[in-house]
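Read-outs: derived from the displayed coordinates by stated rules, not from any lab. Computed from a predicted model, the values in this text were never measured in an experiment. Glycine gets a Cβ as well: all are built from the backbone with ideal geometry, and neighbour counts include every protein chain shown.
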Amino acid sequence: MKLKGKWWVSLYGPDNELKEKRVGDNLITADGVSFVASFLGSAAAAASTFTMRYIAIGTNSAAAQTTDQALGNEVARVSAIVSNVTGAIYRLTATFPSSVGTGGITEYGVFSTLTASTGTILSRDVEDVVNKGANDTLTAITEITIS
């Protein structure tokens, strides 16, 4: 089984006008692969145990590594809306509203807990900076493809 992912990030101003957009490929971490394997093993028991549904943003621009266990400098984490695009694509959509996660955002990650600096990281992506002001809203969408 192979996992790969993609990110779409959109920054909206207080007038809801699109200010910036980024698209990038993410790197699936070794811990993320182990998490998916563990979940698949326990899925028959209770699908509600799957907690990989939180998206974090940060300001560190160090390259993503398969050994990453966190973002380099996490500034916010929120619950994502989870959907299944097809049988092989897992999509998460998160919104970081006004005053949440402001600054020069460069990194994005999928995590198994809502609490910052905890949980398992499934994937991480580093892109060019998106400067999120206090009145801006950032939408981050990622898709994890299983093949």
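Based on the Cβ-Cβ distance of residue 118 and residue 81, what FRET efficiency does E = 1/(1 + (r/R0)^6) give at R0 = 30 Å, to the nearest 0.05? Display every interim value, and only then the final one.
Working: r = 21 Å, r/R0 = 0.71.
Taking R0 as 30 Å, the efficiency between residue 118 and residue 81 is 0.90.
Can you tell me the orientation of helix 30-42 relative to the chain, as the angle in degrees between its alpha-carbon axis and the longest Cα principal axis, to the nearest 10?
50
Taking the Cα centre as origin and putting +1 on Lys and Arg beta-carbons and -1 on Asp and Glu beta-carbons, what dipole magnitude results for the chain, to the nearest 20 debye?
In debye, rounded to 20, the chain gives about 360.
Taking the chain, how many lysine pairs are there with alpha carbons less than 23 Å apart, if each pair must be eight or more places apart or span two chains?
Taking the chain as the scope, the lysine pair count is 6.
Give, as ranges by residue number, the residues of the stretch 108-147 whose backbone N falls under 13 Å from the point 7 Å along Cα→Cβ of residue 73.
Of the residues in the stretch 108-147, 129-130 have backbone N under 13 Å from the label point off residue 73.
Express the relative contact order of the stretch 3-146 as a whole percentage, based on alpha carbon pairs under 8 Å and six or more residues apart in sequence. Write down the numbers at each step before the final one.
Working: 369 pairs, mean separation 48.7, N = 144.
The value is 34 percent.
Consider the candidate values [x] 53, 32, 25; [y] 56, 43, 23; [z] 46, 28, 26; state which one is Cα extents along the principal axes in Å computed from the structure displayed.
It is the value labelled [z].
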